[in-house]
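The structure appears right after this line, and notes come after that.
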Amino acid sequence: MRIDGIGEFAARDARDAAEWSRLAAFCARHGQAAFSRDPHIGGHVTGSAFVLSSNGMSVLLTHHAKLNRWLQLGGHCDGIADARFVALKEAYEESGLSRIRLLSDAVFDVDIHEIPARGSEPAHLHYDVRFLMQAEAGKITASAESHALAWVPLADLSHHTRAESVLRMARRLEE
């Protein structure tokens, strides 16, 4: 099944199928607003990049300043109804890399998770759409949104993060 503004996804298991179904229903219900930060609809689509090193042995993680956790690169669509474009844009902005290649047009992973209330922003859901990418050129430089960036060997990923959604993406590479 294809979702406008997101693309195609091949579910690997029941969890995948359920997340994709929830994402499709959210997008069908809210249309363009699903890609905005409209606080009245309870969530929004975000785009993320699981960026592999040029040799494919490491992944680029950001130590997210607001969440204080190691995560993949990514961010809000802010009204742009193209999650793949947003994921690539965020990967460039947050990494400092000068060339990143999208390894597939298909969605790599979907993760729907709650973001706690912060300031005047109520708790809401991120319908996070993730794409698989590979760094081709440039030196990493952390943006203001990060405490740090690190190339983490896939074999050591569990030493940097306990986030199941990040570890799940690494396991997908082994499949």
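The values are calculated or read from the model by the stated rules, or taken from the named source; none is laboratory data. None of the values given here were measured: they were computed from a predicted structure. Glycine gets a Cβ as well: all are built from the backbone with ideal geometry, and neighbour counts include every protein chain shown. Protein only, heavy atoms only, side chains kept; ligands, DNA and RNA dropped before computing areas. Shrake-Rupley method; radii C 1.70, N 1.55, O 1.52, S 1.80 Å.
Numbers for the structure displayed
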read-out	value
Given charges at Cβ of Lys, Arg, Asp, Glu: the chain dipole, positive-most of ILE41, LEU149, PHE26	LEU149
Gaussian network model of the chain, springs between alpha carbon atoms under 10 Å - residue of ARG101, ARG84, ARG12 with greatest fluctuation	ARG12
Cα-projected label distance for SER53 with ASP13, points at 7 Å along beta-carbon direction, nm	2.7 nm
Relative packing of peptides 129-137, 75-83 - highest average C-beta neighbours within 10 Å first	129-137, 75-83
Net lengthening on full extension, ALA25/TYR92 (0.36 nm per residue, minus Cα-Cα)	21.1 nm
Gaussian network model of the chain, Cα within-10 Å springs - most flexible of ALA14, ALA49, ALA24	ALA14
Solvent exposure of the chain as accessible area per residue, Å², 1.4 Å probe	49 Å²
Of all accessible heavy-atom area on the chain, the percent that carbon and sulfur account for (1.4 Å)	52 percent
Label-point separation, HIS159 to ALA106 (7 Å along Cα→Cβ), nm	3.3 nm
Assigned charges on the beta-carbon of Lys, Arg, Asp, Glu; the chain dipole about Cα centre (debye)	160 debye
Helix axis angle, 14-30 relative to the chain longest principal axis, alpha carbon, degrees	50 degrees
Relative contact order of region 47-98, pairs being alpha-carbon contacts under 8 Å that are 6 or more residues apart, as %	38 percent
Euclidean distance between Cα centres, region 18-71 to region 102-136, Å	1 Å
